[in-house]
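Presented below is the structure to which this report refers.
The values are calculated or read from the model by the stated rules, or taken from the named source; none is laboratory data. Just so it is clear, the structure is predicted and the values come from calculations on it, not from any experiment. Heads up, the Cβs are rebuilt from the backbone with ideal geometry, glycines too, and the neighbour counts pull from every protein chain shown. Please note that ligands, DNA and RNA were not included when accessible areas were found on the heavy atoms of the full protein model with its side chains. Shrake-Rupley method; radii C 1.70, N 1.55, O 1.52, S 1.80 Å.
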Amino acid sequence: MGVYLLPSPASLAVFLSSFVTLFVHPRPAIAITRHYKFDVMLQNVTRLCHTKSMVTVNGKFPGPCIVAREGDRLLIKVVNHVQNNISIHWHGIRQLQSGWADGPAYVTQCPIQTGQSYVYNYTIVGQRGTLWWHAHISWLRSTLYGPLIILPKLGTPYPFAKPDKEVPIIFGEWFNADPEAIINQAMQTGGGPNVSDAYTINGLPGPLYNCSAKNTFKLKVKPGKTYLLRLINAALNEELFFSIANHTLTVVGVDAIYVKPFDTETLLIASGQTTDVLLKTKPHHPDAKFFMSARPYVTGQGTFDNSTVAGILEYEVARKTIQSSHTSKRLPLYKPNLPPLNDTSFATNFTSKLRSLASAEFPANVPQKVDRHFFFTVGLGTNPCSKNQTCQGPNGTRFAASVNNVSFVMPTKALLEAHHFGQSKGVYSPNFPISPLIPFDYTGTPQNNTMVSHGTKLVMLPFNTSVELIMQDTSILGAESHPLHLHGFNFFVVGQGFGNFDPKKDPANFNLVDPVERNTVGVPSGGWVAIRFLADNPGVWFLHCHVELHMSWGLMMAWVVLDGKLPNHRLLPPPVDLPKC
């Protein structure tokens with residue numbers, strides 16, 4: 001948990017009087033303000049027999065778990081005690097009218113500099129489930145991340161069987177070297193970076209890696225119980241398959257949105273995504289242990305960390321049998337069968353099962369009419385190598401990535417400030433292309449010209465515009481799945497397919513009744529995905545690939561949603577402690 005700030009005597013008196021009021025007149029849905037303090041600090045951490053000093057929150061890896069209820073206000077004071085610039089993103093939080101608290105550096109704020117602090121101030125509106133927080137500058141989220149759990153309002157049940165226990169499980173990557181040095185070297189050489197040395201479950205690589213048996217996550221369960229596992233993929237660069245040997249998982253939510261429950265032996269979780277599953281344990285002690293394993297789903301051409309992380313599911317023994325044979329014999333350890341690394345058919349089949357509840361209580365408010373249509377190509381490309389330099393990208397070039405062939409150039413001022421104060425000149429231009437300037441066979445034989453253009457270009461949207469966006473993967477430098485994350489909004493995934501999107505035929509098959517609602521979606525390798533959302537949140541909102549490497553190469557863009565006419569449809573003024581560049 002984060003550090004809870006103790007109230008002052010005056011506020012304590014208010015608290016006690018309100019407590020008495022509550023006791024006499026209970027109000028089950030009351031919202032409260034929750035205070036956390038994040039001290040960003042260096043901490044020595046050892047994994048795989050390698051000790052390194054790394055950036056953490058409160059000295060913890062992973063960082064503290066934030067717990068709140070729907071409707072609560074969060075005040076999270078982040079104090080920067082390290083040499084790096086810092087910003088924290090609350091991944092998936094809608095940030096209605098509170099765009100200043102969204103967190104991506106140079107988009108909604110300047111980063112927090114050494115010795116400075118910033119209070120992230122936002123209210124959770126209409127969301128419940130599993131989200132997470134992470135650094136949103138350079139590759140610092142490799143160590144700066146943690147769960148953000150939103151419980152339903154008091155007195156509001158889950159739309160599924162109440163679990164006996166809830167367990168956050170967060171996947172990450174461990175680098176023996178400093179990830180900042182790794183990406184800096186890759187950006188200098190123009191080639192791909194060194195990959196991670198291990199995947200982790202709750203910060204622990206597990207027994208399948210050398211010198212790691214002691215650093216194993218163990219989930220101790222009782223027979224005949226139901227556990228809500230809150231799965232989060234915080235890995236920098238990989239989508240992951242996950243399974244628990246000899247156990248079935250029931251998927252009940254993704255990205256803090258309930259879904260129609262379905263059973264699966266294995267699930268796919270892209271970087272940035274969350275998945276809530278129910279694990280029903282066996283009715284009797286099985287006299288065995290079980291691996292809970294994750295390994296990457298790989299579609300690209302580049303190198304990747306081809307390893308498997310494992311935790312162990314252990315059944316607790318009843319006290320009366322402690323002295324029995326349970327403790328004296330070595331229990332067999334079962335391993336799950338995970339899909340092949342490049343199993344796109346499994347990935348497609350799994351994601352197609354995800355549907356919104358679309359119930360009276362949890363409706364799927366899919367925009368039925370569309371005001372603005374957009375078609376974005378997403379994929380890799382190249383930049384020319386500087387004179388007098390040898391580059392390690394394709395044919396002596398430098399790797400790049402782009403949306404509609406525009407590789408995003410990060411500004412040195414925050415985009416939201418520039419927009420809010422009418423100072424966009426020299427910071428960004430409002431002319432991001434709404435479709436590729438030169439149409440081509442996106443998934444066919446790759447083009448000879450792989451060069452990208454550059455710019456800080458945004459799309460301007462009037463308040464309450466309904467948007468349909470087609471995101472099309474390209475085969476330039478190889479087709480690849482890209483998990484795209486949209487800040488400030490949830491969206492509905494109304495369609496997806498392989499090959500080139502056909503605007504005449506494909507929309508006829510869109511699901512406008514119960515499509516899954518989420519904040520991060522995988523654009524299929526060699527295919528397309530169609531999303532719809534309502535631009536009802538004023539501010540500047542990032543859309544980017546959640547593979548950190550592709551972000552470093554420029555696979556991102558941003559939307560400006562203009563203020564509406566009503567007071568609650570306008571962005572509030574910036575807080576007084578907003579960091580300066």
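Place a +1 charge on the Cβ of each Lys and Arg in region 178-311 and a -1 charge on the Cβ of each Asp and Glu, then give the dipole magnitude about the Cα centre in debye, rounded to the nearest 20. Could you put the intermediate results ahead of the total?
Details: 11 positive and 11 negative charges, 167 e Å.
About 800 debye.
Of all the C-alpha pairs in region 419-491, what % are more than 17 Å from each other?
Tail of the P(r) past 17 Å holds 62 percent of the pairs.
Fully extended, how many nm does the chain gain between Lys425 and Lys222 (0.36 nm per residue separation, minus their Cα-Cα distance)? Mind dumping the intermediate values first?
Details: separation 203, 0.36 × 203 = 73.08 nm, distance 6.15 nm.
Going from the current span to full extension adds 66.9 nm.
When ligands, DNA and RNA are left out and all protein chains stay put, how many square angstrom of accessible area per residue does the chain have with a 1.4 Å probe? Before the final figure, lay out each step's value.
Details: 24320 Å² over 581 residues.
Here the residues of the chain average 42 Å² of exposed surface.
Per residue and in Å³, how big is the convex hull formed by the alpha-carbon atoms of region 152-221? Intermediate values should be presented prior to the final figure.
Working: hull volume 12.3 nm³, N = 70.
Output value, Cα hull per residue: 176 Å³.
Hey, what does the equivalent ellipsoid look like for the chain, semi-axes from the Cα gyration tensor as sqrt of 5 times each eigenvalue, largest first, whole Å? All intermediate terms of the calculation are to be shown ahead of the outcome.
Working: eigenvalues 248, 183, 132 Å².
Result for the chain: semi-axes of 35, 30, 26 Å.
Is the shape of region 63-143 rounded, prolate or oblate, going by the alpha carbon gyration tensor and its root eigenvalues a ≥ b ≥ c, with a/c under 1.5 for rounded and a/b larger than b/c for prolate? It would help to have the intermediate numbers written out before the result.
Working: a/c = 1.86, a/b = 1.67, b/c = 1.11.
It comes out prolate by the Cα gyration axes.
Which values of log₁₀ I(q)/I(0), to two decimal places, follow from the Debye formula for region 479-581 at q = 0.11, 0.15, 0.18 Å⁻¹ with a uniform point scatterer at every Cα?
Log-scaled intensity ratios, in q order: -0.45, -0.78, -1.00.
How long are the three semi-axes of the equivalent ellipsoid of region 348-427, in whole Å, if each is the root of 5 times an eigenvalue of the C-alpha gyration tensor, listed from largest down? It would help to have the intermediate numbers written out before the result.
Details: eigenvalues 290, 123, 27 Å².
They are 38, 25, 12 Å, listed largest first.
As an exercise, find the ratio Rg/Rh for region 268-324 from alpha-carbon atoms, using the Kirkwood inverse-distance average for Rh.
Working: Rg = 17.2 Å, Rh = 15.0 Å.
Radius of gyration relative to Kirkwood radius: 1.14.
Need one value: the accessible area of Ser481 in square angstrom, 1.4 angstrom probe, rounded to the nearest 10.
Looks like 10 Å² after rounding.
Taking a ≥ b ≥ c as the square roots of the eigenvalues of the Cα gyration tensor of region 222-284, is the shape rounded (a/c under 1.5), prolate (a/b larger than b/c) or oblate?
On the way: a/c = 2.27, a/b = 1.65, b/c = 1.38.
In terms of gyration-tensor shape, prolate.
Any idea what log10 I(q)/I(0) is at q = 0.17, 0.24, 0.25, 0.27 Å⁻¹ for region 116-159, Debye with uniform C-alpha scatterers and no solvent?
With one equal scatterer per Cα and no solvent, log10 I(q)/I(0) is -0.67, -0.98, -1.02, -1.08.
Show me the three semi-axes of the equivalent ellipsoid for region 146-286, from the C-alpha gyration tensor (sqrt of 5 times each eigenvalue), largest first, rounded to whole Å.
Working: eigenvalues 204, 71, 32 Å².
Whole-Å semi-axes of the equivalent ellipsoid: 32, 19, 13.
Would you calculate, for the chain, the mean residue ellipticity at 222 nm contributed by helices, counting each DSSP H stretch of 4 or more residues as -39,500 (n - 2.57) and dividing by all residues, to the nearest 500? Write out the running numbers ahead of the final one.
Numbers: 6 runs with 51 residues, N = 581.
Result for the chain, helices only: -2500 deg cm²/dmol.
Give the relative contact order (percent, whole number) for the chain; include only Cα pairs under 8 Å separated by 6+ residues. Show your work: numbers first, answer last.
On the way: 1526 pairs, mean separation 81.2, N = 581.
Once normalised by length, the contact order is 14 percent.
Return the carbon/sulfur percentage of the accessible area of the chain, one whole number, probe 1.4 Å, all protein chains in place.
Values: 13160 of 24320 Å².
Within the chain, the accessible surface is 54 percent carbon and sulfur.
Once each part is reduced to its C-alpha centroid, what is the distance from region 377-426 to region 246-274 in angstrom?
Distance between centres, Cα-based: 35 Å.
Seen from all sides and averaged, what is the projected area of the convex hull of the Cα atoms in region 48-108, in nm²?
Answer in nm², one decimal: 5.9.
Tell me, how many Å apart are the Cα centres for region 144-200 and for region 522-542?
For region 144-200 versus region 522-542, the Cα centre distance is 22 Å.
Where q = 0.11 Å⁻¹, what log10 of I(q)/I(0) comes from the Debye formula for region 328-480, counting one point per Cα?
Summing over Cα pairs of region 328-480 leads to -0.71.
Are there any trypsin sites (Lys or Arg not before Pro) in region 187-245 that are in a DSSP loop and have at most 12 other Cβ atoms within 10 Å? List them by number. Kindly include the intermediate steps, with their values, before the conclusion.
Values: sites: Lys214, Lys218, Lys220, Lys225, Arg230; in loops: Lys214, Lys225.
When the trypsin sites (Lys or Arg not before Pro) of region 187-245 are filtered for loop state and at most 12 Cβ neighbours within 10 Å, Lys214 remain.
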